[in-house]
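The values are calculated or read from the model by the stated rules, or taken from the named source; none is laboratory data. Everything numeric here is computed off the predicted structure, so don't read it as measured data. With ideal geometry, Cβ positions are generated from the backbone for all residues, glycine too; neighbour counts draw on all protein chains shown. Heavy atoms of the whole protein, side chains included, go into the accessibility calculation; ligands, DNA and RNA do not. Shrake-Rupley method; radii C 1.70, N 1.55, O 1.52, S 1.80 Å.
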Amino acid sequence: MALITVVAVALFVGFRLLPTGTNLSHMDFRVSGGNSIEFCDPANPQFLPVVNVRSPVMMTLQPAAAPVAGAVVRLTVALKTASDKPITPADLIVSHTKLLHLLIVDPTLGDYQHVHPEPTATPGEWTMEFRPRHAGNYRVFADFTPAATGRGLYASADLMVTGAVAVDVPPDDARWQFALVSTAPIRARVPADLKLTLTNEGGGNVPLQPVMGAFAHLVAFDADRSGFAHLHPMEVDLLAPPDAVHPQLNFKVTIPESGRYVIWAQVNLGGTEVFRPFPIEVGR
């Protein structure tokens, strides 16, 4: 038993010392003291408090020009560790087909966009663009996985958008009807089962295709935008798609507090990404 223990420890240390391509270590993603973000298990569908806890990653947003509702906003996103080390592509691993996810939502929860920044020539800086529909203080959540830890990590920053209160945009193709239902009333701190269904109003197939390695994504925000829950369907086998005429996808989530939430669904229909919101009320 002693020999087995020694061999196991040696293997553990050896694997930890293998190069990962990153210059950052596990300790670069830790902050001292309490009330800090814990490394989260992507398979555990919980609501993640991001704003009111300390993250070991600092994110700043620098727009190329003053952001205005209805106009394309070009942003430089800077990511650094608490020790002021830049976070580069080599420091992250691919999660859901991308290195870095930005979840962008306005104060009303009526405009949600999911963007994937691209790295620039400057270490730690990434570039992206999006078109905000509303004026107000947008909140940007970063979702990524450091190579040094292999566990999901998060950060947030705000971006003020000026201009009209709302900007009309062409609606999504009305043929696609969405429904999101739960098997029982959703209550705080109680695991909930959700079912997302899609229908082609004109009859025939729903051209559902994978997006970011899944047949759909759900993202839930609370009214205060204190955090989010990023949910993936239980149907994980991309070689076994759901029914082509009446696709149904099942999700699980646990929401910690009662109140108003909006769950946004994101799917790929025939090569076009479509987003739909579902307001819900979480009971006590």
| task | Could you size up the charge dipole of segment 193-284 around its Cα centre, putting +1 on the beta carbon of Lys and Arg and -1 on that of Asp and Glu, and report it in debye to the nearest 20? | result | 140 debye
| task | Would you pull out the residues with amide H under 5 Å of Val68's amide H, same chain only if 5 or more places away, H placed 1.01 Å from N? | result | Thr162
| note | The extension gain from Ala164 to Ala188, computed as 0.36 nm times the residue separation minus the Cα-Cα distance, is 5.1 nm
| task | Amide H neighbours of Val206 under 5 Å, at least 5 residues apart or on other chains, H built in the peptide plane: list them. | result | Val245
| query | Of the heavy-atom accessible surface of segment 196-273 (probe 1.4 angstrom), what whole percent is carbon and sulfur? | reply | 50 percent
| query | Each residue of segment 144-149 in turn: what ³J(HN,Hα) in whole Hz from Karplus with 6.51, -1.76, 1.60 and θ = phi - 60°, glycine and Pro shown as x? | reply | 7, 10, x, 5, 6, 10
| field | Stretchable slack from Asn23 to Thr60, in nm (0.36 nm times residue separation minus alpha-carbon distance) | value | 11.2 nm
| note | Rounded to a whole %, the carbon-and-sulfur portion of the accessible area of segment 112-154 at a 1.4 Å probe is 41 percent
| said: Just to check I understand the Karplus step: with θ = phi - 60° and J = 6.51 cos²θ - 1.76 cosθ + 1.60, what whole-Hz values come out for segment 116-130, glycine and proline as x? | reply: 10, x, 10, x, 9, 6, 8, x, x, 10, 10, 10, 7, 8, 7
| Once Lys and Arg get +1 and Asp and Glu get -1 on their Cβ, which of His116, Leu103, Ala147 lies farthest toward the positive end of the dipole of segment 102-149? | Leu103
| query | What ranking, highest mean first, results for peptides 179-191, 136-148 when packing means the other Cβ atoms within 10 Å averaged over each residue? | reply | 136-148, 179-191
| message | Tell me the per residue accessible area of segment 190-243 using a 1.4 Å probe; a whole number in Å² is fine. | response | 42 Å²
| task | With a Förster radius of 22 Å, plug the Cβ-Cβ distance of Asn205 and Asn250 into 1/(1 + (r/R0)^6) and report the FRET value to the nearest 0.05. | result | 0.60
